[in-house]
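The values are calculated or read from the model by the stated rules, or taken from the named source; none is laboratory data. Nothing here was measured: the structure is a model prediction, and the numbers come from that model. Positions of Cβ are backbone-derived with ideal geometry, glycine not excepted, and every protein chain shown enters the neighbour counts. We work out accessible area using only protein heavy atoms, side chains counted, and drop any ligands, DNA or RNA first. Shrake-Rupley method; radii C 1.70, N 1.55, O 1.52, S 1.80 Å.
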Amino acid sequence: MNQPPLLPSSITVLERGWLSSNNVLLHGTTPDEGAVLVDTGYASHFEQTLVLVAAALRSTEAVRFVANTHLHSDHCGGNRAISERYRCPILIPPGDFTAIESWDESALSYRLTGQQCERFSPTGKLQPGHVLQQAGREWQIHSAPGHDPHSVILFEPESATLISADALWERGFGIVFPELDGANAFAEVSATLDIIENLRPRVVIPGHGAPFQDVPGALSSARERLNYFQREPTRHALHAAKALTVFHMLEVRQSSAAELIAWLQATPILISTWQRFFSAESLGEWTAQLLQDLVRTGALRQDSSTISVRGS
Ligand SMILES: [Zn+2]
């Protein structure tokens, strides 16, 4: 018996990895209509993003506009290159519009996380409660705070397809960034999981990893993880610090231990995480321990004094 296809034929998912988020193309009914591109990957991957998107577009189709679920560097780093190549507008969640428009470094996450993002100009807003029309389908825009206070997710009811960004992965969800700043955002993560459950998606396209259909399984593992973090916020902070370190190493690929320690000790979000959660130890002790743990658990590899990401 033929299995029904996982995704409607009008959708192409370019599954990327961890440094670059997935890119999702919502094709037009005809090439003239153009495609919508949801999220554009990390800045240093922009050439690969351009090649992958060009190869996935159908016949004479171009990108009609970019839509960003949220503005972390791994989701919008290719915005500038894509908008220049296709001369297309960029729609972003409204909560970030002013900061992005004026490129206010103190309000954006790039400097704080030690990550890069090419400056780009947004042209419109993805207003929650509104819909995106594409190929005769209506993509509902829903607020999805928690991982990022301004994130949106996109849901198309006819095929029950959800683009969940970093609000729900097959196993878990993205770092709850506001918690690192002392804000209470675990409740928002929980409310966003409820929203997703109520939408009853048949298939979820996450920000990272392959599309999946076991939505109840994903929701229950996300809730389990969330409960654990709510009981042990320090565990969440440690997980976040490790994830940010591995992300940095995916970007630079190789570093000496001394360079990596210097980066850890100069990155604002890691300094504030240490101050808030781990200042019983000195910053030097904490960062040395962090690096040691990442090497011990195999997330990073250390050959004499060179650090790299396992498997790279
Ligand atoms: Zn994110």
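Here are the numbers for the structure shown:
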read-out: Protein-only accessible surface order, largest first, of PHE46, PHE212 at 1.4 Å; value: PHE46, PHE212
read-out: Mean Cβ count within 10 Å, highest first, over the residues of peptides 59-71, 114-126, 278-290; value: 59-71, 114-126, 278-290
read-out: Segment 71-117 - percent of accessible surface contributed by carbon and sulfur, probe 1.4 Å; value: 44
read-out: C-alpha long axis of helix 257-266 to longest principal axis of the chain, angle in °; value: 80
read-out: Relative contact order for segment 1-117, counting Cα pairs under 8 Å that sit 6 or more residues apart, in percent; value: 21
read-out: Average Cα contact separation per residue, segment 11-231, under 8 Å, 6 or more apart, as relative contact order %; value: 16
read-out: Size of electric dipole in the chain: Cβ of Lys, Arg +1 and of Asp, Glu -1, about Cα centre, debye, nearest 20; value: 380
read-out: Shape category assigned to segment 11-231 from the gyration tensor of Cα positions, a/c cut at 1.5; value: oblate
read-out: Accessible area per residue, Å², the chain with all protein chains present, probe 1.4 Å; value: 45
